[in-house]
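What follows is a short report on a single structure.
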Amino acid sequence: ATLNEQYFDPTFGGLDWQKIRTEFAPRVRRAKTDAEFHDILEEMIGRLGKSHLSILAPEYFEKFESAKLSARKREKELAAEKKLNNKDTTDDEDDELTDDEYKQHGIGVELRMIGDQVVVTSVEQKSGAQAAGIKPGYVIEKINGVSMKGTVGLLLSSGISQTEMRYALPLELVNEFLNGEPDSSVFLTCLDENDRVREFTVSR
């Protein structure tokens, strides 16, 4: 129903979407688990032949949210440690930020999944990332202390496929992990062009 009402191509690429619904309906009714149901839906929308279109199970979002909250908590801890080390005595209100506030300001990178690695594919001119020394090709190992390899493994355990995650995860990492409050910082651990581990404090 969602695709029937909202799909960008009303001709469905020449497919009869209602006929496909009729074909899959008996299998959907026989599905015994949520996972089986999601697999059937994935097969169904696979008929449309669009690589960016997939089913993400609720477990994916639950585990991603858990990882995001860990990253935000660690970011606050690292920021507090940095202020303490700089002997900065400025009062800092510890108000919870809304999702909209977190998504307003970024560091100026685009990401892509290559295998199980999160790779920087472009860096904007005059961005926080460029100022910090991050370059295209760098592999992000940790964001605010949260392991990307561990996060990928956690999400795969929710039933999402590598193909589905390759399209969903990079954008979500930018929106939910890298973006944040203006003039705040995100703390990255990366592998550089020589596979050396380097740490960066990147301004938003």
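The values are calculated or read from the model by the stated rules, or taken from the named source; none is laboratory data. Owing to the predicted nature of the structure, the values given are computational and were not obtained by experimental measurement. As a convention, Cβ positions derive from the backbone with ideal geometry for all residues, glycine included, and neighbour counts pool all protein chains shown. Please note that ligands, DNA and RNA were not included when accessible areas were found on the heavy atoms of the full protein model with its side chains. Shrake-Rupley method; radii C 1.70, N 1.55, O 1.52, S 1.80 Å.
Between Ala35 and Asn4, full extension at 0.36 nm per residue minus the direct alpha carbon distance yields a gain of 8.9 nm. Taking the Cα centre of the chain as reference, the dipole from Cβ charges on Lys and Arg (+1) and Asp and Glu (-1) amounts to some 760 debye. Contact order for the chain, expressed relative to its length and based on alpha carbon pairs under 8 Å spaced 6+ residues apart, stands at 22 percent.
Calculate what fraction, in whole %, of the accessible area of the chain sits on carbon and sulfur atoms when a 1.4 Å probe is rolled over the protein chains.
Details: 5970 of 12520 Å².
Here carbon and sulfur together make up 48 percent of the probe-accessible area.
Excluding Gly13 itself, what net charge comes from residues whose Cβ is under 12 Å from its Cβ, given Lys and Arg +1 and Asp and Glu -1? That works out to 0.
The 3J(HN,Hα) values that the Karplus relation (6.51, -1.76, 1.60; θ = phi - 60°) gives for the range 127-137 are, in residue order, 8, x, 5, 5, 4, 7, x, 7, 10, x, x Hz. Gly and Pro appear as x.
Using the Karplus relation 6.51 cos²θ - 1.76 cosθ + 1.60 with θ = phi - 60°, the per-residue 3J(HN,Hα) values for the range 43-55 come to 5, 5, 6, x, 4, 6, x, 10, 5, 8, 10, 7, 9 Hz, with x marking Gly and Pro. Compared with the dominant Cα axis of the chain, that is its longest principal axis, helix 162-173 is turned about 40°. Residue separation of Ser203 and Lys82 scaled by 0.36 nm, minus their Cα-Cα distance, works out to 42.2 nm of gained length. Ligands, DNA and RNA excluded, the heavy atoms of Leu156 present near 60 Å² of accessible surface to a 1.4 Å solvent probe. Each Lys and Arg Cβ is given +1 and each Asp and Glu Cβ -1; about its Cα centre, the range 111-204 then shows a dipole of about 140 debye. With a cut-off of 14 Å between beta carbons, the residues surrounding Gly150 carry a summed charge of +3, where Lys and Arg count +1 and Asp and Glu -1.
Let's test the formula: R0 of 35 Å, r as the Cβ-Cβ distance of Leu48 and Ser157. What FRET efficiency results, to the nearest 0.05?
Numbers: r = 27 Å, r/R0 = 0.78.
Once rounded, the FRET efficiency stands at 0.80.
Surface exposure of the chain, expressed per residue as accessible area with a 1.4 Å probe, stands at 61 Å².
Highest mean first, the peptides 60-69, 45-54, 4-13 sorted by other C-beta atoms within 10 Å per residue fall in the order 60-69, 45-54, 4-13.
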